[in-house]
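A.B. asks: First, the structure itself, so that you have it in front of you.
We did not get these values from a lab; they are worked out from the coordinates using the rules stated. The model shown is predicted, which means the values in this text are computed figures rather than measured ones. Cβ sites come from the backbone with ideal geometry, for glycine too, and all protein chains shown count toward neighbours.
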Ligand SMILES: Cc1cc2nc3c(=O)[nH]c(=O)nc-3n(C[C@H](O)[C@H](O)[C@H](O)COP(=O)(O)OP(=O)(O)OC[C@H]3O[C@@H](n4cnc5c(N)ncnc54)[C@H](O)[C@@H]3O)c2cc1C
Ligand code: FES
């Protein structure tokens, strides 16, 4: 059992938990994730570790409440417990001194990009972070990202804060102006990462995305997380989750992500009915 230390709403439907997990906190590297089971009968879901404190043995997960498991997780209070937590899983993000890099985050990816930003900065890169949200109320960790980056650009879809638009608009603008960007790292929903990859494709700027197919074991055994990259089948849990965004077959990824939508909706409805009935 893994004790919840803090539980906090960062934005509507975006939740943060800090959890006692000393083994993970001692080994985790940027880009890696854990698989949690909220209770004994719960499903296994992967979540990126967005921050950690090795000395305290604590990790931070930031997640979007989209279905039954993430709703259950968001209800945990400090002192509560997560039944199982396995990690670190996946390959760490490749960190090197590239030059000027863009780190793009949207949705839960605003949290997930922070360790990558910190590591790239530490490796001597000039880091421009760009974050997006539909509106101002959905933004979080702006200050932490500003501190960790050389420059932070904030965008909102409705223009309620920062620049109006999305991260890929800013990336396109920078590249069209001739700014030299060595590499782009994008974290967030699949659509956003696809658009970032399309923005950089004409300029040949390598774009690393962190894919989020459905996973079960997270150790390369079940085949559930298979994705097509450069025409080859790869397992996101052991070969990724980072891949070259220009080579990902986005259409098949999205189709596979939605394969159980009906069952997921049913299970959420059943759980909500039970929870209300209690
Ligand atoms: C490597 C990796 C890292 C991730 N990191 C984060 C993160 O830091 N924060 C965050 O909010 N989300 C993250 N996700 C996505 C997260 O795992 C799903 O949102 C979560 O599983 C949804 O579960 P649910 O029961 O709440 O919703 P459900 O109603 O079960 O599912 C909603 C959607 O989530 C996806 N999903 C469902 N089950 C799984 C599963 N077992 N594995 C992967 N995706 C699933 C499906 O596309 C589905 O359509 C990550 C996914 C991967 C693969
Ligand atoms: S989750 Fe089973 S092989 Fe990746």
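A.B. asks: Decide, for region 1-141, between rounded, prolate and oblate: order the square roots of the alpha carbon gyration tensor eigenvalues as a ≥ b ≥ c, take rounded if a/c falls under 1.5, and otherwise choose prolate if a/b is larger than b/c, else oblate.
C.D. replies: Verdict is oblate for region 1-141.
A.B. asks: Taking a ≥ b ≥ c as the square roots of the eigenvalues of the Cα gyration tensor of region 71-157, is the shape rounded (a/c under 1.5), prolate (a/b larger than b/c) or oblate?
C.D. replies: Numbers: a/c = 2.58, a/b = 1.35, b/c = 1.90.
The shape class here is oblate.
A.B. asks: Now for a different question. Given the options 74, 148, 259, which has the most mean-square fluctuation in a GNM of the chain, springs set between C-alpha atoms less than 10 angstrom apart?
C.D. replies: Highest fluctuation among the options: 259.
A.B. asks: Per Stokes-Einstein, at 10 °C and 1.306 mPa s, what whole-number D in µm² s⁻¹ belongs to the chain, with the Kirkwood radius over Cα pairs as the hydrodynamic radius?
C.D. replies: On the way: Rh = 19.1 Å.
After rounding, the answer is 83 µm²/s.
A.B. asks: I'd like the antiparallel share, as a percent to the nearest 5, of DSSP beta bridges with both residues in the chain. Please list the in-between numbers first.
C.D. replies: Values: 36 of 60 bridges.
Here the share of antiparallel DSSP bridges comes out near 60 percent.
A.B. asks: Something else now. Counting residues in region 200-268 as N, plug N into 2.2 N^0.38 Å and put the Cα Rg over that result.
C.D. replies: On the way: Rg = 13.3 Å, N = 69, 2.2 N^0.38 = 11.0 Å.
Its radius of gyration relative to the 2.2 N^0.38 Å reference: 1.21.
A.B. asks: Run the paramagnetic zone check for residue 55: 7 angstrom along Cα to Cβ, then residues of region 130-159 with backbone nitrogen under 13 Å.
C.D. replies: Counting only backbone N, you get no residues.
A.B. asks: With contacts defined as alpha carbon pairs under 8 Å and 6 or more residues apart, what's the relative contact order of region 1-92 in percent? If you can, show how the numbers build up before the last one.
C.D. replies: Working: 209 pairs, mean separation 37.7, N = 92.
About 41 percent, as a whole number.
A.B. asks: Just to confirm the number: angle between the C-alpha axis of helix 261-277 and the first principal axis of the chain, 0 to 90 degrees, nearest 10?
C.D. replies: Helix 261-277 and the main axis of the chain meet at about 50 degrees.
A.B. asks: May I pose another question? Evaluate the relative contact order of the chain (contact order divided by residue number), counting alpha-carbon pairs under 8 angstrom at least 6 apart; express in whole percent.
C.D. replies: Contact order relative to length: 16 percent.
A.B. asks: How many nm is it between the label spots at residue 84 and residue 146, if each spot is 7 Å from the Cα in line with the beta carbon?
C.D. replies: 4.3
A.B. asks: Taking 35 Å as R0, compute the FRET efficiency from the Cβ-Cβ separation of residue 206 and residue 13 and round it to 0.05. Walk me through the numbers before you get to the answer.
C.D. replies: Numbers: r = 32 Å, r/R0 = 0.91.
Efficiency computed from Cβ-Cβ geometry: 0.65.
A.B. asks: Given labels modelled 7 Å from the Cα in the Cβ direction, how far is it in nm from residue 232 to residue 41?
C.D. replies: 4.3
A.B. asks: OK, next. Please find the FRET efficiency linking residue 221 to residue 136, where r is the Cβ-Cβ separation and R0 is fixed at 41 Å, and quote it to the nearest 0.05. The partial results should precede the final answer.
C.D. replies: Working: r = 43 Å, r/R0 = 1.05.
Efficiency, rounded to the nearest 0.05: 0.45.
A.B. asks: May I pose another question? For residue 257 and residue 94 in the same chain, what is the full-extension length gain: residue separation times 0.36 nm, less their Cα-Cα distance, in nm? Display every interim value, and only then the final one.
C.D. replies: Working: separation 163, 0.36 × 163 = 58.68 nm, distance 2.52 nm.
Extra length from residue 257 to residue 94 when fully extended: 56.2 nm.
A.B. asks: Could you calculate the contour length gain from residue 182 to residue 271, that is, 0.36 nm times the residue separation minus the distance between their Cα atoms, to one decimal place in nm? Could the numbers behind the result be given before it?
C.D. replies: Working: separation 89, 0.36 × 89 = 32.04 nm, distance 4.68 nm.
Full-extension gain reported as 27.4 nm.
A.B. asks: Using a Förster radius of 30 Å, what is the FRET efficiency between residue 27 and residue 189 based on their Cβ-Cβ separation? Nearest 0.05, please. Walk me through the numbers before you get to the answer.
C.D. replies: Working: r = 28 Å, r/R0 = 0.92.
Once rounded, the FRET efficiency stands at 0.60.
A.B. asks: Which of rounded, prolate, oblate describes region 115-157, given a ≥ b ≥ c as roots of the alpha-carbon gyration tensor eigenvalues and a/c under 1.5 marking rounded, otherwise prolate only if a/b is larger than b/c?
C.D. replies: Details: a/c = 2.98, a/b = 2.35, b/c = 1.27.
Cα axes put region 115-157 in the prolate bin.
A.B. asks: Among 22, 92, 12, which one shows the highest mean-square fluctuation when the chain is modelled as a Gaussian network with alpha-carbon springs under 10 Å?
C.D. replies: Fluctuation is largest for 12.
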